Every structure is written in C-alpha cells, then in structure tokens.
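Here the structure comes first, spelled out in structure tokens, and everything after it is commentary.
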Amino acid sequence: QVQVVESGGGSAQAGGSLGLNCTASGRTLSVTGMGWYRQSPGKQRFEVAHIKETLETDYAFSVRGRFTISRDNAKNTIFLQMNDLKPEDTGVYYCKIMSWGLAYWGQGTQVTVSS
C-alpha cells in the first residue's frame, strides 16, 4: 500500500502563484509515475502535469509555461509550482502515484483563483 498526502493550495488572485506538495509513504520502492490532476465543478478530472521516475515531465496544454512539476525521488515527493494563475485553474487538485501498476490518490486540495 502507498499512502498519498497533499498539502498547499488555497486562494490566489489571477496572475498570482501557489504551490502544491505531495508525499508518498508506505511501499514506495516501486513508485514510478507521479502527477497532478484537476477536477473543476461539472467537469471531468484531467491530468495537469506528470513526472516520471526519470524526471521526464509532461503538461496539459493549458498550463504549459505557467506550471512546473518537480520531484525528489529520495523523499518520494513531488511539487507543483503554479504561476500566472487564471480563474480557469480553479478546482480540486489530486495527486496520483503509480506503484506496481496501481494508482493511489490523495484526498485532494482546493485551489481557487479569483479574477
């Protein structure tokens, strides 16, 4: 089992910045991909950013150039730096961790961006 704990988020004005942290604990030796997903009211959850154990990253088109995902393999932690926030970035952000082909999710953290 892998436990996933998120922190960060909160409220910001458009153009501002926020950061999200996610830490995996438990059976972490087999952790591979880690990523952040967003779910907004009335919309499906989608992947915002992803980082492999090789530190290769990928981003949703809507956040490229504004969000940066990073990873500390020794601490099994990922960090999402969100800059130049827009109201459409509002939603609940979930951390997802892959281990042995299984997905483990955090409880979600709210990000609210006001115009």
**OP:** Can you confirm whether the range 82-102 contains a residue that is loosely packed, with under 13 Cβ neighbours inside 10 Å, among the polar types (S, T, N, Q) and part of a loop (DSSP other than H, G, I, E, B)?
**Re:** no
Original post:
Looking at THR112, THR77, which is the one that is open to solvent by 50 Å² or more (accessible area, probe 1.4 Å) and of a type in the set (Ser, Thr, Tyr)?
Top reply: THR112
**OP:** Kindly indicate whether any position in the range 37-51 is under 16 Å from GLY108 (Cα atoms), part of a strand (DSSP E or B), modelled with pLDDT under 95 and in contact with a strand residue (DSSP E or B) (Cβ under 8 Å, 6 or more places away or on another chain).
**Re:** no
Original post:
Are any of the residues in the range 69-92 under 17 Å from SER7 (Cβ atoms), β-branched (Val, Ile, Thr) and in contact with a Leu (Cβ under 6 Å, 6 or more places away or on another chain)?
Top reply: yes
Original post:
Of all the residues that make up the range 17-29, how many are touching a residue at least 24 places away in the same chain (Cβ under 8 Å), over 27 Å from ASN83 (Cβ atoms) and either assigned to a strand (DSSP E or B) or open to solvent by 60 Å² or more (accessible area, probe 1.4 Å) (or both)?
Top reply: 3
Original post:
Among THR32, THR68, which is the only one that is open to solvent by 20 Å² or more (accessible area, probe 1.4 Å) and without any contact (Cβ under 8 Å) to a residue 24 or more places away in the chain?
Top reply: THR68
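The values are calculated or read from the model by the stated rules, or taken from the named source; none is laboratory data. As the structure is a computational prediction, the values presented were derived from the model and not from experiment. Backbone-built Cβ (ideal geometry, glycine too); neighbour counts: all protein chains shown. For the accessible areas, the whole protein counts, side chains as well, though only heavy atoms, and no ligand, DNA or RNA atoms are used. Shrake-Rupley method; radii C 1.70, N 1.55, O 1.52, S 1.80 Å.
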